[in-house]
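Structure record follows, encoded as structure tokens.
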Amino acid sequence: MNGLPEERAVTLALYIIENNATVRKAAAWFGISKSTVHKDVTERLKKINPQLCSQVKEVLEQNKSERHIRGGLATKAKYAGISSD
């Protein structure tokens, strides 16, 4: 994903909001690192579009509160011999 960091931040934010995506999913989708996604949607986006930043923050907080559940399901699937995807 090339282009200006500001444009990238907005594109990432819209993807995360529309797909209820995690930082990891967004990074994989756009082929960039998780740290780049996180920096774009937390630091850069706050300066560009604070309203969009707050919407992304809500999605990320929801994902954070659910991650222990996803981890448990992945572990259960691993030991059951099936894929969690």
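The values are calculated or read from the model by the stated rules, or taken from the named source; none is laboratory data. From a predicted model like this one, the values you see are computed outputs, not experimental measurements. Every residue, glycine among them, receives a Cβ derived from its backbone with ideal geometry; neighbour counts consider all protein chains shown. We work out accessible area using only protein heavy atoms, side chains counted, and drop any ligands, DNA or RNA first. Shrake-Rupley method; radii C 1.70, N 1.55, O 1.52, S 1.80 Å.
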The ³J(HN,Hα) series, computed from each phi in the stretch 29-37 with the Karplus coefficients 6.51, -1.76 and 1.60 at θ = phi - 60°, rounded to the nearest Hz and given as x for glycine or proline, is 4, 8, x, 10, 6, 5, 5, 5, 4
Normalised contact order of the chain, rounded percent, pairs of Cα under 8 Å and 6 or more residues apart: 27 percent
With every protein chain left in place and a probe of 1.4 Å, what is the accessible surface of residue 10, to the nearest 10 Å²? 40 Å²
Once neighbouring chains are kept in place and the probe is 1.4 Å, which whole percent of the accessible area of the stretch 17-85 is contributed by carbon and sulfur? 52 percent
Ignoring solvent entirely, what values of log10 I(q)/I(0) come out of the Debye formula for the chain at 0.10, 0.22 Å⁻¹ when each Cα is a single scatterer? -0.28, -0.98
Counting only protein heavy atoms and leaving out ligands, DNA and RNA, the solvent-accessible surface of residue 7 at a 1.4 Å probe, in Å² to the nearest 10, equals 110 Å²
For the stretch 53-62, Karplus couplings with θ = phi - 60° (6.51, -1.76, 1.60), whole Hz, Gly/Pro x: 4, 5, 5, 5, 4, 4, 5, 5, 5, 4
Return one whole number: the accessible area per residue of the chain in Å², for a 1.4 Å probe. 71 Å²
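For every helix of n ≥ 4 consecutive DSSP H residues, a contribution of -39,500 (n - 2.57) applies; sum these over the chain, divide by its total residues, and give [θ] at 222 nm rounded to the nearest 500 deg cm²/dmol.
Result for the chain, helices only: -24000 deg cm²/dmol.
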As a test of reading the structure, rank 38, 68 by solvent-accessible area (1.4 Å probe, protein chains only), most first. 68, 38
Along Cα→Cβ, 7 Å out, is where each label goes; now give me the distance between the ones at residue 61 and residue 46 in nm to one decimal. 1.4 nm
Extended-chain gain in nm, criterion 0.36 nm per residue less alpha-carbon gap, residue 75 and residue 25: 16.1 nm
Residue 54 accessible area, nearest 10 Å², 1.4 Å probe? 50 Å²
